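Notes follow once the structure below has been shown.
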Amino acid sequence: MTALEIDRLHKAYTDTYSGEEVTAIDEVSFAVKEGEFVSVLGPSGCGKTTVLNIVAGFVRQSGGTVVVDGRPVDGPGPDRGVVFQSHALFPWKTVLGNVAFGLRMRGVPRAERNARAREFLELVGLNGFAHRYPHELSGGMQQRLGVARVLANEPAVMLMDEPFASIDAQTRRKLQEDLTGIFETRRPTVFFVTHDVDEAVFLSDRIVVLSRRPSRVREIVNVKLPRPRRWQDTAELPEFRRIANRVNELLAVDEDTATGGVAGKDVEGGHDAA
Ligand SMILES: Nc1ncnc2c1ncn2[C@@H]1O[C@H](COP(=O)(O)OP(=O)(O)OP(=O)(O)O)[C@@H](O)[C@H]1O
Ligand SMILES: [Mg+2]
């Protein structure tokens, strides 16, 4: 079953000052299956956030279609849950209140929504913090809360735009392992945007590598690493390094052209393209 289908997506922005058109996305197509973890990687400014915002319904495309669970996207909806880079939590609500909010909006009775919220707080390791407020949590804990809040709504697709980018390296690794653990037990469908090649390889089933702006899909790389994944074991597998090298090669094509150099890298090397 396909959870998310992006077909020939195109996006041009009109610059507010100059009035000039900037083509952010030339043509991007890919699909995410139900229960699959797909990451999008690409050079800075290539349109990753734009793709995610179009899927979320925050931004309207100039061409092409986005279909979630069989329905064309036409604005934001509860079938798509977004975990933001900055936490976007309700500061006046408790941790429990933040997680239960979406359920409350959908008319789930209080006892049931609190029970469900607690279940998801437990899943992300925040069960002792239900009655705290977001400002009483560390950055990493706030990001866990963001994940719990989205998961509690059981969206068709979970959208994450560099959720760990502002977290220190050590905590980030822990959060990546936790996210993988959650993914492995609950199998949400995840569309994940990142700059970090190792993070993408560690988390994903497939990686969509975009070219620089105006972006196209350069290649879709399969990540056939065993699960459950733990940093210590997974990063040691030769296959992990092989895939990371492959993704780095694909990204380097754009670095070379951007600096006017020669794209002399062997991008046809032993790969696992979809
Ligand atoms: N609201 C907007 N109006 C005009 N141009 C925009 C707007 N939003 C994005 N752009 C342009 O579209 C292009 C893609 O931006 P986007 O934020 O999607 O890239 P990104 O891949 O997420 O970048 P980063 O890796 O830095 O997060 C950029 O050139 C950006 O300047
Ligand atoms: Mg971005």
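Points worth noting:
- Restricted to the range 196-249, and to residues there that are part of a helix (DSSP H, G or I) and acidic (Asp, Glu), the residue that is nearest to the chain's Cα centre (by Cα) is GLU199.
- The set of residues in the range 2-23 that are on the phi > 0 side of the Ramachandran plot and under 22 Å from the mean Cα position of the chain (by Cα) contains only ARG8.
- Residue satisfying all of: in the range 75-114; basic (Lys, Arg) and without any contact (Cβ under 8 Å) to a residue 12 or more places away in the chain; surrounded by the most Cβ atoms within 10 Å (Cβ to Cβ) among these: ARG104
- The range 155-169, residues that are away from ligand 2 (no atom under 12 Å from the Cβ), among the aliphatic types (A, V, I, L, M) and in a loop (DSSP other than H, G, I, E, B): ALA156, ILE167
- Of all residues in the range 34-46, those satisfying the criterion of being touching an Asp or Glu at 6+ places or on another chain (Cβ under 9 Å) and surrounded by 16 or more Cβ atoms within 10 Å (Cβ to Cβ) are GLU36, PHE37, VAL38, SER39, LEU41, GLY42, PRO43, CYS46.
- Selection from the range 200-214 of residues that are within 14 Å of ligand 1 (Cβ to nearest atom) and surrounded by 22 or more Cβ atoms within 10 Å (Cβ to Cβ): ALA200, VAL208, VAL209, LEU210
- Criterion (in a loop (DSSP other than H, G, I, E, B), within 11 Å of ligand 2 (Cβ to nearest atom), on the phi > 0 side of the Ramachandran plot and not hydrophobic (A, V, I, L, M, F, W, C)) met by exactly one of GLY45, GLY35: GLY45
- Filtering GLU36, GLU20, GLU27 for residues that are at pLDDT below 95, among the charged types (D, E, K, R) and more than 9 Å from ligand 1 (Cβ to nearest atom) leaves a single hit, GLU20.
- Of all residues in the range 222-274 being buried (at least 16 other Cβ atoms within 10 Å of the Cβ), closer than 19 Å to SER204 by Cβ and touching a strand residue (DSSP E or B) at 6+ places or on another chain (Cβ under 9 Å), the one that is modelled with the lowest pLDDT: HIS271
- Among the residues making up the range 48-67, those that are surrounded by fewer than 17 Cβ atoms within 10 Å (Cβ to Cβ), within 12 Å of ASP7 (Cβ to Cβ) and either touching a residue at least 60 places away in the same chain (Cβ under 8 Å) or within 16 Å of ligand 2 (Cβ to nearest atom) (or both) are THR65, VAL67.
The values are calculated or read from the model by the stated rules, or taken from the named source; none is laboratory data. Computed from a prediction, not measured in an experiment: that's the story for all the values here. Neighbour counts are summed over all protein chains in view; Cβ atoms, including those assigned to glycine, are modelled from backbone coordinates with ideal geometry.
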